[in-house]
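Each remark here refers to the structure printed beneath this line.
Every read-out reported here was derived from the displayed coordinates using simple, explicitly stated rules and does not represent laboratory data. These numbers come from a predicted model, not from an experiment. Note that we place each Cβ from the backbone using ideal geometry, even for glycine, and neighbour counts take in every protein chain shown.
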């Protein structure tokens, strides 16, 4: 199994206009790194398009210009640009039947290439099934789909920077997991290590996902990892100056516990010690503190808050309730335009327990305080007193 280092959130600077959101990791089992377009092509693959064919004497023109399958056109283009005049290929499974004109033929043939351009193959055949000397064969009248096999390797030399994914389920699919252009992929494999940026994600006629990487990404090294679990880090660039309001109905709950490491206690968010968080302005976040009152959660614009000479942060969007029956403190936070881009959570009683919070987005909070239905008396920790609501 391949694992990846955890990459933390960057600290904002005065001129920073974006941050990187960590979307977690996903496991893939069918990855193949490719560095040329010919790697996308399956040699002598089954074609799905029917060509138009012109025969005059022993000369044959096979025209795939109207083919609608990109995989077929890629194969034809790469195969025949790799070949030289005189190289051989075979045409098989070419049964033609023109019902209107009561004419049928078998165009299976052994051919040598004369010339190739724009999906049109000019060749001379040395043997052919059955046909007249001169005729034009419409693609729609082929009963079967003609197939082409070449005797030469594919050597187009056209460079690419792509990854093939043989997805087996939604869990192993880049498309199903909403990977999109601009997202970062973090790999750590034997041949490809580093951060790659997605330029596009699509699928081909063989149900393979094709992930195209941007020019600025490291050049991939050919590597076939089909059947091997690869853990892919997924990160997305988000901008701080977005003007889109966020949904207040989107309530995100975090569980705050403590973990003892080396004799010292640390806050853990959803099980991760000193987790760095990202909060979006306009969303409601609920922090349930299990370790209250031994440890009391606080927020500050200074790392470690009052233990480093800072102050606790107070705002109309920050308030809490004390659940005396469960002995827990519950914090409700709706970041808004008054909330700074950088905050820190810490323990108001003990130093060195907390972590960092990045705040992004745009939301004008005003003086309205969203309330949840509860039967617990509400006390303010921010700049206003919230009204108690009884369920």
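Report, by residue number, each residue of segment 206-228 that is surrounded by 15 or more Cβ atoms within 10 Å (Cβ to Cβ) and either touching a helix residue (DSSP H, G or I) at 6+ places or on another chain (Cβ under 6 Å) or assigned to a loop (DSSP other than H, G, I, E, B) (or both). Working first, answer last.
Our first condition is that a residue be surrounded by 15 or more Cβ atoms within 10 Å (Cβ to Cβ); within segment 206-228, this holds for 208-213, 217, 220, 223, 225, 228.
Answer for segment 206-228, where residues must be surrounded by 15 or more Cβ atoms within 10 Å (Cβ to Cβ) and either touching a helix residue (DSSP H, G or I) at 6+ places or on another chain (Cβ under 6 Å) or assigned to a loop (DSSP other than H, G, I, E, B) (or both): 208, 217, 220, 225, 228.
Sort out which residues of segment 169-180 are more than 14 Å from residue 231 (Cα to Cα) and not in a loop (DSSP other than H, G, I, E, B), and write them in order of number.
170
Collect the residues in segment 279-290 that are buried (at least 20 other Cβ atoms within 10 Å of the Cβ) and either part of a loop (DSSP other than H, G, I, E, B) or over 29 Å from the mean Cα position of the chain (by Cα) (or both), keeping them in residue-number order.
281, 282, 287, 289
Counting residues that are surrounded by 16 or more Cβ atoms within 10 Å (Cβ to Cβ) and over 36 Å from the mean Cα position of the chain (by Cα), which strands (runs of 3 or more DSSP E) fully inside segment 32-129 reach at least 3? Before you say what the answer is, go through the steps one by one.
Details: elements: 52-56, 59-63, 88-92, 95-98, 103-117.
Once the strands (runs of 3 or more DSSP E) in segment 32-129 are filtered for at least 3 residues that are surrounded by 16 or more Cβ atoms within 10 Å (Cβ to Cβ) and over 36 Å from the mean Cα position of the chain (by Cα), what remains is 52-56, 59-63, 88-92, 103-117.
Just give me the residues in segment 181-204 being part of a loop (DSSP other than H, G, I, E, B) and either without any contact (Cβ under 8 Å) to a residue 24 or more places away in the chain or closer than 16 Å to residue 218 by Cα (or both), in sequence order.
Across segment 181-204, the qualifying residues are 181, 182, 183, 189, 190, 191, 192.
Quick check on segment 329-350. Is at least one of its residues more than 23 Å from residue 293 (Cβ to Cβ) and in a strand (DSSP E or B)? Give the steps one after another, and end with the answer.
Pass one, segment 329-350, residues more than 23 Å from residue 293 (Cβ to Cβ): 334-342.
Checking the rest, the ones that are also in a strand (DSSP E or B) come to 342.
Yes, there is a match, as at least one residue in segment 329-350 is more than 23 Å from residue 293 (Cβ to Cβ) and in a strand (DSSP E or B).
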